Each structure stands twice: as C-alpha cells, then as structure tokens.
Amino acid sequence: MGMQVVNHGMEGDVSRNMIEVCKKFFELPYEERSKYMTSDMSAPVRYGTSFNQNKDNVFCWRDFLKLYAHPLPDYLPYWPSSPSDFRSLAATYATETREMFEMMVKAIMESLEIDGDDNEAAKELKEGSQMVVVNCYPPCPEPELTLGMPPHSDYGFLTLLLQDDVEGLQILYRDEWVTIDPIPGSFVINVGDHLEIFSNGRYKSVLHRVLVNSTKPRISVASLHSFPLTSVVKPSPKLIDEHNQPQYMDTDFATFLQYISTREPKWKNFLESRKIHHL
Ligand code: OGA
Ligand code: NI
C-alpha cells in the first residue's frame, strides 16, 4: 500500500533545495564522495555505489548516500561538509519530513482504532529512527539490461519519498509494475515492513523497484522512519485477541542485520521469513 501526497505542508523550496544540493554532492570528485564509503551499517554516513556493497550479485545502477538523522544533533556533525550548504539544507529537510511522518502516524493509529493515550507504539515512534537515503541513478547506456534498484519493500514503518522530475519509480499493483508520475513537490508514501508487522497485516508493505534510462540522471530522497533501532517490532497487542492471532514473529534490528549478512534484501523475503504460519 502506498499513496502520493501533495498538500503536505512542506514549502516547495525545502524539497527543491534538497534535490539540488544532493545533485551537487554526487557531482563532487570521487575522492570527496568516497570518504564516506564504509560497509559499517551503523556508520552515521554511508556512501556507496550499489544496493548491498558486500553481497551484490545483481549490479545496480545507483549511487547512494545514507544519513542517520535522529537525534539530529548527534549525527549532523558527521554529515558531509561539502557542498557547503549541504548540512543546513539537509537538516531542514530531515526535520520537516519528520513532522510529516508524525502527522501520518496519527492518521494511521486512528485508522487502526488504537489512538488512545496508552499507545506505547506511538510514543516509541515519536523518538524513532530516521534515515535519509539519497539515491542517484546516472544515465545508463543499456537501461533494459539493469535496474536502479531491484524489487524490494522498505525496512521500516513508513518511507517518505521525494523524486526529482525524472520518472523511474515503479510500484507493483495488482501484479503489474506501475510507474509513479513524478509530480513536483509531491511525496510518495510507502508502507514498510514494520507497519505491516505492527498492524498485523492490515497494512501491507509496498513492493517497488527503480528503472533507469539512457539520457537523464535521476535523484530521489527517501526518508525512512520507524521505531528506535533497539525496539522489538511486533503486532500491536491492541489488535490481538482470541479471534486475531499474531501473524508475525517479534522482530528486532539484530535479526534483520543477521538476515542481510548472508543475502540481499529483495522482494518481501525478509518479511516472509518473519511470518507465522498458523495451522
Ligand atoms: C529506496 C527506494 C526509490 C527511488 O530508497 O528504498 O525504493 O525512486 N527508492 O529511488
Ligand atoms: Ni525502497
């Protein structure tokens, strides 16, 4: 499940500036960008050139910059200092997407009818993790032979995705890949695996992929939001009763890291591995 939102409250400048400054980052000399290259998943900043640096059997046509973003003051000093306005523009962007996320959590809790004061999950999400993933897909001479990103669902609760004006993102809808129109200033909101688990399957995480093209580079910025990395993600106890058994196992970040240490995250394999099969 996903949706595209337009009247979200973020000023057009904030998203435009973010795209522009990210474009400039990817235009920096390789020596500058590669300072941030690491296979350490817990590094505050991580630059790379494929989906999974260690276990990459499908070559992906993509550069990325991943920034841990919450609590912001802890991470900001590690973010790239070049281009010179990168930190300030990206910090504004991260703060505003976080506000948007909080609004959406409220709406989702209401839709699940679990929006009372005793909603521990809502409190945890307020202090939850945030990672800003900037993707850059350079033009590809033979676009039909590769993908920018293979089919996957996002690890997290919700992803707020900003695209520039070049299409490429596709979502699997009724067994067909549908291209999502890059409406300027809009956000694509994707349900992630953690919301599927938390809602005990009422929300489904979205399968999506990215195509590349032979003429134009493409930039996207995904803000991934979820519970704190130390939390155990599980179906909301408020949705479980004698008629509704939990459909997913309790899942923590260590389990996920263990899972991807031996394979690539693709399709909804990780989530599938957490499903409980009742007889
Ligand atoms: C992602 C992602 C889509 C895009 O970063 O997880 O799916 O359009 N990005 O770049
Ligand atoms: Ni994704």
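The values are calculated or read from the model by the stated rules, or taken from the named source; none is laboratory data. Just so we're clear, the structure is a prediction, and the values are computed from it rather than from any experiment. Every residue, glycine as well, gets a Cβ built from its backbone with ideal geometry; the counts of neighbours run over all protein chains shown.
Checked against (1) farther than 25 Å from F26 by Cβ; (2) more than 16 Å from ligand 2 (Cβ to nearest atom), T146 meets all criteria but (1). Applying the condition of being hydrophobic (A, V, I, L, M, F, W, C), in a loop (DSSP other than H, G, I, E, B) and under 15 Å from the mean Cα position of the chain (by Cα) to the stretch 213-250 and asking which residue is nearest to E124 (Cα to Cα) yields F227.
A Cβ distance below 8 Å, combined with a sequence gap of six or more or placement on separate chains, defines the contacts here; from the stretch 203-219, residues that are over 27 Å from K24 (Cβ atoms) reach residues that are polar (S, T, N, Q) and within 11 Å of ligand 1 (Cβ to nearest atom) in the pairs S205/S153; S205/N190; V206/S153; V206/N190; L207/S153.
Highlighted here are the helices (runs of 4 or more DSSP H) found entirely within the stretch 1-105 that include at least 1 residues which are farther than 18 Å from H225 by Cα: 12-27, 30-33.
Among the residues of the stretch 251-274, just one is within 17 Å of R202 (Cβ to Cβ) and assigned to a helix (DSSP H, G or I), namely L271. Do we find that M100 is within 16 Å of ligand 2 (Cβ to nearest atom), at pLDDT 95 or above and either of a type in the set (S, T, Y) or crowded, with 18+ Cβ neighbours inside 10 Å (or both) in this structure? Judged against the criteria, M100 is not a match. Suppose we keep only residues that are more than 19 Å from the chain's Cα centre (by Cα) and not charged (D, E, K, R) within the stretch 123-149. Which one would you say is farthest from F227 (Cα to Cα)? Across the stretch 123-149, the extreme among qualifying residues is P141.
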